[in-house]
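Data first, discussion second: the structure below is written as structure tokens.
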Amino acid sequence: MALIDGFDTQAIALAAPQIAAEWNVAPASFGGVFAAGLIGALFGALGFGIAADRFGRKPSLLVAIILFGGVTLLTPFATSTSDLFLIRIVTGLGLGGALPSVIAVTSEYAPPERRATIVSLMFCGFPLGAVLGGIAAAKLMPLYGWPVLFDIGGVAPLLLLPAIMAFVPESVRFLALRGRHDAAQRVALRMRFAAEEEPAHEAAQRSSLLMLFRDGRALGTWLLTGTFLLSLMLAYFLVNWLPMIARQAGRGTAGASLGIAALNLGAILGCLIIGRIADRHGAAVPIGWGYGLGAVAIALIGVVAHSTPLFLLTCFIAGALSIGAQMCVVALGAIYYDTAIRATGVGWLMGTGRFGAIFGPILGAVLIGRGVMPAGLFMVAAAISAAAAIGAFLIAAFVPRVATRGGGAAVPPAIDTSPVAMALRPASPRQGTGSV
């Protein structure tokens, strides 16, 4: 699902020049179309995140998939930028709405000692989808035109739907917290799932955005929000403007495309390495170092752009460090929030982070319009990465829950004998598969 999100994000950007030529409209008119998907994703992440905590991760995910898969298939029938704007808003609602459930389920079934790695591995689908979107556009658009990208983007999630219905389980934690202990036991046995215990008071919580700022969570929520907003601002600044900046620096269309590919491939490797280090030594500090060192690499892109090998190498390193760290920030939210509000918390971060995603491309346009040279643009991007590094280090200093090894609570919860805790208690080795 993360891969499809990355594919969709790249597809609309790559299809826009051909659509503008066919419809005889100015490329600048697509600014609203690009923003529409991000605006839709903002509200989708918030709304579906709350729904996932109230009604279940799986039903929320299935509705989101049907929504964005079905509406994406309508894209080729658009005849104006106004049509595209409406379609992209609804598509964004579905795409943004799917991610909180995906992240919540992934984190809740991941062993605590590998949670950051596994969540980051799942989110590697986004840059991989962007790479595949570029390949598909290069190979298929000359033969079948721009609609083929949205045919693929709409059919793929709908084809995945039966497999998700059959094999993706509801969260055992969610079922137990809602008192559905028989269902929780059946899923736990099928998944051979052993969960670490959580405080009993969690069952009494009702998911809402206000819960993210109560019971001592406010500082952590605000620090995570700021860091996540900066991280998406950086990612979308680079993804949207790296090709044009590279062309201005003399790299040409092919060099610019290779630069984007190097950035995304580096991100995949970097998020796995940073995620593994985070599991072993605590999540926030390695992410901070990724952003900090990545800022140096990003600044160097503008310096070495005259040399193709150095340009591609620096893009790869920048992707591995800064964009790799950006994908690992998702795991911080999944670690920080308890089961009852996890999807809401992740949805809040994904939603508010979209403001950064919207502002990043706008910032690039303003700077280019004022005549800032390519080297100066990369310095601005480096400054954003450095600011995100500061945010991550502040999280490490003031939010111990996400700074500890394994991403667990800083102080282990007391043993709880409530029905919820009993439903979540790991099976004893002597009990075999007969009980949870």
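The values are calculated or read from the model by the stated rules, or taken from the named source; none is laboratory data. Computed from a prediction, not measured in an experiment: that's the story for all the values here. Cβ atoms come from the backbone with ideal geometry, glycine included; neighbour counts cover every protein chain shown. Heads up: the accessible areas ignore ligands, DNA and RNA and are worked out on the full protein's heavy atoms, side chains in. Shrake-Rupley method; radii C 1.70, N 1.55, O 1.52, S 1.80 Å.
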Segment Val304-Leu159, length gained on full extension (0.36 nm per residue, minus Cα span): 47.8 nm
When the accessible area of segment 50-135 is computed with all protein chains present and a 1.4 Å probe, what percentage of it is carbon and sulfur? 77 percent
Want the number for Trp23 to Ala397: 0.36 nm per residue separation, take away the alpha-carbon distance, what's left? 129.3 nm
Surface accessible to a 1.4 Å probe, Trp289 within the full protein complex, Å²: 150 Å²
For Ser171, which sequence-distant residues (separation of 5 or more, or a different chain) have an amide H within less than 5 Å of its own amide H, given hydrogens modelled in the peptide plane? Arg57, Lys58
Students sometimes get this wrong: rank Phe311, Phe43 by accessible area, probe 1.4 Å, all chains present, largest first. Phe43, Phe311
Using θ = phi - 60° and the Karplus form 6.51 cos²θ - 1.76 cosθ + 1.60, what ³J(HN,Hα) does each residue of segment 124-134 get, whole Hz, x for Gly and Pro? 4, x, 5, x, 5, x, 5, 5, 5, x, x
Kindly rank 280-288, 93-101, 156-164 from highest to lowest mean number of other beta carbons found within 10 Å of each residue. 93-101, 280-288, 156-164
Just grab the label-to-label distance for Arg214 and Asp182, each label 7 Å out from Cα along the Cβ direction, in nm (one decimal). 3.2 nm
